[in-house]
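Remarks on the structure that follows.
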Amino acid sequence: MEKHLQLAPMQAMTDIFFMNSYHQIFGGFTEMMAPYLLASSNSPIKVQNLQKYFSKLNPGIKLIPQLLSNDATGFLHYANLLYDLGFDKINWNLGCPFPFVTKKKRGAGLLPYPDKIQEVLDNIFPELKAKLSIKVRLGLNHSDEIRPLIDTFNNYPIDELIIHPRTALQKYEGKADREAFAEIFPKIKMPVIYNGDILRKEQVIETETDHPTIKGFMIGRGAFINPFITNQINGIEFTEQEKINKYSQLYWELHQHYKGKTKNDEGFLSRMKELWKYFAQSFEKGDTYLFALKTINQINVFEDSVKRIFETGKLVY
């Protein structure tokens, strides 16, 4: 039986094209979560805009739209439009750690305000058509900020709680706090999905051993650093050459797509160098590869260097 695996939403990374390419080449994700849409009553969106946003998605992908909001009216407007388009589960982002979001009391910036979260939940549930998923961190500045929220969440028919055991202050630095996750997990009544630093199947096995009732796992950076992760978790292994071939196919599809979409060479290379912050970690000597790629300012030279990495590099996953 395949594991319940979700692709994490990574702004400017896990776009529709990445989802389609990954799904075609590797598969294995039960669901993919779209990067957030800002849902505010001050900026209502028309259904045609949402249709256009998701129109190029591979029909084989089960997509969960994600909303960033501290506003029940705006959340309901977006969520019910999305439901009418066929999306039966909507995620509320209470985990985004970036200051331009949190300072406006959105994402993880709302976590120190349990009364506000309860107010939003009170106002959306009577009219919400879709199932509600919530993605959350341990807190904004402190890892104990989630504790009073658990009792709040337990009072509502939430479909699942996705927990990334870091504070927003940490962003993605340091290690995910598995001890804190283990402490709060038994207190949560709805299904739980674990998110954070999953790069190898052994981490999934260990977490399931410690928490047999866990629903599944959300993987973000791991899908770039070890793109074979969904296959490995589900018991599918490839030869080293098969791995290189599949990885190369994924990369060059992304490369050509963004090359065609980016208006200038500088912008394109900047985007690809950002991707290689993750891809380089897939290889032995990855730091050396990344350092060399960062110094390149010509597309043809960059492309030749990447070709050599796939021809000579040794994968670590």
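The values are calculated or read from the model by the stated rules, or taken from the named source; none is laboratory data. Not measured: the values here are computed from a predicted model. Cβ placement follows ideal geometry from the backbone for every residue including glycine, while neighbour counts extend to all protein chains displayed.
Out of all the residues in the stretch 255-272, is one or more touching a residue at least 40 places away in the same chain (Cβ under 8 Å), within 21 Å of residue 198 (Cβ to Cβ) and surrounded by 15 or more Cβ atoms within 10 Å (Cβ to Cβ)?
No.
Just name the residue that is surrounded by the most Cβ atoms within 10 Å (Cβ to Cβ) out of those in the stretch 184-202 that are among the hydrophobic types (A, V, I, L, M, F, W, C) and closer than 12 Å to residue 222 by Cβ. Spell out the reasoning first.
Start the filter on the stretch 184-202 by keeping residues that are among the hydrophobic types (A, V, I, L, M, F, W, C), which leaves 184-185, 188, 190, 192-193, 198-199.
From what is left, the residues that are closer than 12 Å to residue 222 by Cβ are 198-199.
Working: 198: 25, 199: 17.
Step by step, filter the stretch 184-202, then rank; the result is 198.
Select, from 293, 254, 250, the only residue that is at pLDDT 95 or above and over 23 Å from the mean Cα position of the chain (by Cα).
That would be 293, the only listed residue that is at pLDDT 95 or above and over 23 Å from the mean Cα position of the chain (by Cα).
Just name the residue that is nearest to residue 75 (Cα to Cα) out of those in the stretch 130-171 that are part of a loop (DSSP other than H, G, I, E, B), touching a Lys or Arg at 6+ places or on another chain (Cβ under 8 Å) and in contact (Cβ under 8 Å) with a residue 60 or more places away in the chain.
Per the criteria, the residue is 159.
How many of the residues in the stretch 1-16 are in a helix (DSSP H, G or I) and closer than 16 Å to residue 278 by Cβ?
0
Which residues, counting only those in the stretch 59-83, are in a loop (DSSP other than H, G, I, E, B) and of a type in the set (Val, Ile, Thr)? Show your work before the answer.
As a first pass, look at the stretch 59-83 and keep what is in a loop (DSSP other than H, G, I, E, B): 59-62, 65, 69-71.
Selection gives 61 alone.
From 198, 184, 214, 193, grab the single residue that is β-branched (Val, Ile, Thr), closer than 23 Å to residue 134 by Cβ and either assigned to a strand (DSSP E or B) or at pLDDT below 95 (or both). Can you show your working first?
Values: 198 fails: either assigned to a strand (DSSP E or B) or at pLDDT below 95 (or both); 184 fails: either assigned to a strand (DSSP E or B) or at pLDDT below 95 (or both); 214 fails: either assigned to a strand (DSSP E or B) or at pLDDT below 95 (or both).
Sole residue among the options that is β-branched (Val, Ile, Thr), closer than 23 Å to residue 134 by Cβ and either assigned to a strand (DSSP E or B) or at pLDDT below 95 (or both): 193.
If you check every pair at least six apart or on different chains, which have Cβ atoms under 8 Å apart with a residue in the stretch 76-104 that is closer than 18 Å to residue 44 by Cα first and a residue that is in a loop (DSSP other than H, G, I, E, B) and β-branched (Val, Ile, Thr) second?
As it stands, the answer is 77/45; 78/45; 81/45, since those pairs meet every condition given.
Name the one entry in 91, 70, 42 that is surrounded by 14 or more Cβ atoms within 10 Å (Cβ to Cβ), more than 24 Å from residue 20 (Cβ to Cβ), of a type in the set (S, T, N, Q) and assigned by TED's automatic domain parsing to the domain that holds residue 123.
After ruling out the rest, the residue left standing is 70.
Quick check: is even one residue across the stretch 233-240 under 22 Å from the mean Cα position of the chain (by Cα) and buried (at least 16 other Cβ atoms within 10 Å of the Cβ)?
yes
Determine which single condition residue 51 fails, assuming it passes every other condition in (1) outside any strand (DSSP E or B); (2) of a type in the set (S, T, N, Q); (3) in contact (Cβ under 8 Å) with a residue 60 or more places away in the chain.
(3)
Among residues belonging to the stretch 261-291 that are of a type in the set (Phe, Trp, Tyr) and in a helix (DSSP H, G or I), point out the one that is farthest from residue 317 (Cα to Cα).
From the stretch 261-291, those of a type in the set (Phe, Trp, Tyr) are 268, 276, 278-279, 283, 289, 291; that's our starting set.
Filter once more, keeping what is in a helix (DSSP H, G or I): 268, 276, 278-279, 289, 291.
Working: 268: 28, 276: 16, 278: 13, 279: 12, 289: 17, 291: 21 Å.
Among those residues, the one meeting the criterion is 268.
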